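The values are calculated or read from the model by the stated rules, or taken from the named source; none is laboratory data. Here the structure is a predicted model, which means the values were calculated and not measured. As a convention, Cβ positions derive from the backbone with ideal geometry for all residues, glycine included, and neighbour counts pool all protein chains shown. In case anyone asks, the SASA skips ligands and DNA or RNA and just uses the protein heavy atoms, side chains included. Shrake-Rupley method; radii C 1.70, N 1.55, O 1.52, S 1.80 Å.
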Amino acid sequence: MNDAASLLEQASGVLREATAYSNRAACWIARAALEARVDVLLNERKRNAPEASMRSKLTVLQVAYEDAPVIALRAEYAWSRLSLACHHHAFELTPAAPEVQHLIEVVKTL
């Protein structure tokens, strides 16, 4: 099992715990899995950029996978939604478990 798959299993396990913090914690773990998967995808196309920001990596991913644009679109969607869910603000609700599970499933499709 690769790093991303292992992290996604952990995220799903944390989500199943259903504690006050499990949804947000699962988002943090799923985002780490997504970042690992993006690195693998970039390496597969010989476009590795280990020191680049995630935003830059997502831009490179768009170019590297011009022949399969859905990959870059899913990665961008998942990263933006997971990032939003990871950052807690007093006026925002914690993401719902079904939303978090959906994002985990999106990352799995990459």
**Asked** In the set Asn43, Asn48, which member is free of Cβ contacts under 8 Å to residues at least 40 places away in the same chain, open to solvent by 70 Å² or more (accessible area, probe 1.4 Å) and either within 14 Å of Leu103 (Cα to Cα) or in a helix (DSSP H, G or I) (or both)?
**Response** Asn43
**Fill in**
Checked Ser6, Ser12 against criteria (of a type in the set (S, T, N, Q), assigned to a helix (DSSP H, G or I) and either in contact with an Asp or Glu (Cβ under 7 Å, 6 or more places away or on another chain) or surrounded by fewer than 14 Cβ atoms within 10 Å (Cβ to Cβ) (or both)); the one match is Ser6
**Message:** Under 9 Å between Cβ atoms, which residue pairs at least 6 apart in sequence (or on different chains) link something in segment 56-83 that is more than 25 Å from Pro95 (Cα to Cα) with a partner that is open to solvent by 50 Å² or more (accessible area, probe 1.4 Å) and acidic (Asp, Glu)?
**Reply:** Lys57/Glu35; Lys57/Asp39; Leu61/Glu76; Gln62/Glu76; Ala64/Glu44
**Message:** Against the condition surrounded by 14 or more Cβ atoms within 10 Å (Cβ to Cβ), in contact with a Ser or Thr (Cβ under 9 Å, 6 or more places away or on another chain) and among the basic types (Lys, Arg), how does Arg74 come out, does it pass?
**Reply:** yes
**Message:** So Ala30 passes all but one of these: (1) surrounded by 21 or more Cβ atoms within 10 Å (Cβ to Cβ); (2) on the phi > 0 side of the Ramachandran plot. Which condition number does it fail?
**Reply:** (2)
**Request:** Report, by residue number, each residue of segment 53-70 that is in contact with a helix residue (DSSP H, G or I) (Cβ under 7 Å, 6 or more places away or on another chain) and of a type outside the set (S, T, N, Q).
**Result:** Met54, Lys57, Leu58, Val60, Leu61, Ala64, Tyr65
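Kindly indicate which of Ala64, Ala75 is within 16 Å of Ala4 (Cα to Cα) and modelled with pLDDT of 95 or more.
On the way: Ala64 fails: within 16 Å of Ala4 (Cα to Cα).
Residue meeting the stated conditions: Ala75.
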**Request:** State which residue is nearest to His88 (Cα to Cα) when the search covers only segment 20-55 and only residues that are in contact with a Cys (Cβ under 9 Å, 6 or more places away or on another chain) and among the charged types (D, E, K, R).
**Result:** Arg24
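For (1) at pLDDT below 95; (2) under 24 Å from His87 (Cβ atoms), each residue gets a yes or a no:
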| residue | (1), (2) |
| --- | --- |
| Asn2 | yes, no |
| Gly13 | yes, yes |
| Arg16 | yes, yes |
| Ala20 | yes, yes |
| Asn23 | yes, yes |
| Arg31 | no, yes |
| Val38 | no, yes |
| Leu42 | no, no |
| Arg47 | yes, no |
**Request:** Considering only segment 73-92, state which residues are assigned to a helix (DSSP H, G or I) and not hydrophobic (A, V, I, L, M, F, W, C).
**Result:** Arg74, Glu76, Tyr77, Ser80, Arg81, Ser83
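Can you name the residue in segment 86-106 that is within 11 Å of Ala26 (Cβ to Cβ) and modelled with pLDDT of 90 or more and, of all such residues, is surrounded by the most Cβ atoms within 10 Å (Cβ to Cβ)? Before you say what the answer is, go through the steps one by one.
Restricting attention to segment 86-106, the residues satisfying the condition of being within 11 Å of Ala26 (Cβ to Cβ) are 86, 94-95, 97, 99-101, 103-104.
Okay, now just the ones that are also modelled with pLDDT of 90 or more, so 97, 99-101, 103-104.
Values: Ala97: 14, Glu99: 14, Val100: 25, Gln101: 17, Leu103: 23, Ile104: 23.
This residue is Val100.
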**Request:** For Ser83, state whether it is hydroxyl-bearing (Ser, Thr, Tyr) and under 20 Å from Ile104 (Cα atoms).
**Result:** yes
